[in-house]
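I have placed the structure first, in the form of structure tokens, so that the comments after it can refer back to it.
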Amino acid sequence: MRIDFSSIDPVTIPGMNGGTGTMTVRMVNDEKYRLISTVLHPHSSIGTHAQSSGDDMNYHSCRWKEKITYRVPGVAYPADRAVQFDLTAAYEIHEGRVMEP
């Protein structure tokens, strides 16, 4: 399934979960999952929280190239059923080889 997030009306949320600044989201929901396109505005943060309302998948546009594969390191938080990814730390994969940033 291909989702065109640009066709979904954005919602801007101030101080998400006690964080600072604002974030803008576009969401697609079904009975089990929520896919979220997220833009965290400069100098903003999302407060620390546990995921308790189902499974969310957050997508953040990093202006990656469409025909390139990326590997993103993550930090697991098993007690919260969450993984944190720093999308700015993505490595490009070319012909099966990781390319250093």
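The values are calculated or read from the model by the stated rules, or taken from the named source; none is laboratory data. Worth saying up front: this structure is predicted, and the values here are computed from it rather than measured. Note: ideal-geometry Cβ built from the backbone for every residue, glycine included; neighbour counts use all protein chains shown.
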Every residue from the stretch 1-44 that is aliphatic (A, V, I, L, M) and in contact with an Asp or Glu (Cβ under 7 Å, 6 or more places away or on another chain): ILE36
For the stretch 1-47, give me every one of the strands (runs of 3 or more DSSP E) that falls completely inside it and has 2 or more residues that are touching a strand residue (DSSP E or B) at 6+ places or on another chain (Cβ under 9 Å) and among the hydroxyl-bearing types (Ser, Thr, Tyr). 22-29, 33-40
With respect to the numbered conditions (1) modelled with pLDDT of 75 or more; (2) outside the structural domain of ARG2 (by TED's automatic domain parsing); (3) β-branched (Val, Ile, Thr), which one is the sole condition not fulfilled by ILE46? (2)
Cβ pairs under 8 Å, 6+ apart, first in the stretch 1-16 and surrounded by 12 or more Cβ atoms within 10 Å (Cβ to Cβ), second in a loop (DSSP other than H, G, I, E, B): GLY15/GLY21; GLY15/GLY47; MET16/ILE46; MET16/GLY47
